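Remarks on the structure that follows.
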C-alpha cells in the first residue's frame, strides 16, 4: 500500500465516522489529484482546464454523495478511479468525443499526481444543493449523480429535455459560486 493510499484511506474512514475536517481534507486532496488526471486526459484531445474543472466537480460530488458505498475492507484509490473514469466516459459521450482519443484505463494515473493549482474546497454538497431551486436539484441529481439520460431525467423531473440541460448547466454554475463563497468565509 502506498503512502498516498494510506493517507487517503485514513481520511475516508474518519470521514465515514463523521469527522467533518477529515472529510474536507479528503475531498481537497482528491480534488487536486483528479484535477491533474482530467487535465492530462483532456489535453490529449485539445480540451481545456475549464472542462477538466467541471469533471473534478462532478467526480467530487459523486464521491461525496456515494461515499456510503465504499467498502472499508478494500483499497480506496481503485474506488475513486472507477468514479473518475465513469465521469470521464460520461463526458466523452456527452461531447461526442471518441473514446479512442483518450486512454482511460490507466488506474494508477488517477491517483498518481497532485495538481497544486488553486483548488476549490469541497464542502457538504447536499447542503449546498438544498439552496438551489427544486428543478435544478432534480436535474443535477438525475443526470450527474444517478447517470440518467437527459430524456430520463426530464421524465423524472417533469421538465423538457432542454429544461433539464439548462437546469444542470445553471445548477453546476450556481454550486461553483456557492462553494467559492463558502471558501472565502
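Count of the stretch 24-48 residues, restricted to those that are assigned to a helix (DSSP H, G or I), farther than 18 Å from residue 78 by Cα and touching a helix residue (DSSP H, G or I) at 6+ places or on another chain (Cβ under 6 Å), is 3.
Just checking, does the stretch 136-143 include any residue being out of contact with any strand residue (DSSP E or B) (no Cβ under 6 Å at 6 or more places or on another chain), at pLDDT below 75 and not assigned by TED's automatic domain parsing to the domain that holds residue 56? The answer is no; no qualifying residue exists. Checked against the criterion of being touching a residue at least 12 places away in the same chain (Cβ under 8 Å), within 15 Å of the chain's Cα centre (by Cα) and within 21 Å of residue 171 (Cβ to Cβ), the stretch 36-43 contains one or more residues that satisfy it.
If only one of 55, 27, 75, 8 is more than 13 Å from the chain's Cα centre (by Cα) and surrounded by 18 or more Cβ atoms within 10 Å (Cβ to Cβ), which one is it? If you could, list the steps in order and put the result at the bottom.
Details: 55 fails: more than 13 Å from the chain's Cα centre (by Cα); 27 fails: more than 13 Å from the chain's Cα centre (by Cα); 75 fails: surrounded by 18 or more Cβ atoms within 10 Å (Cβ to Cβ).
The match here is 8.
Every condition in (1) modelled with pLDDT under 90; (2) assigned to a helix (DSSP H, G or I); (3) in contact with a helix residue (DSSP H, G or I) (Cβ under 6 Å, 6 or more places away or on another chain) is met by residue 94 except one, and the failing one is (3).
All of 24, 47 fail the test of being in contact (Cβ under 8 Å) with a residue 60 or more places away in the chain and on the phi < 0 side of the Ramachandran plot, apart from 24.
The values are calculated or read from the model by the stated rules, or taken from the named source; none is laboratory data. Keep in mind the model is a prediction, meaning the values are calculated, not measured. Neighbour counts are summed over all protein chains in view; Cβ atoms, including those assigned to glycine, are modelled from backbone coordinates with ideal geometry.
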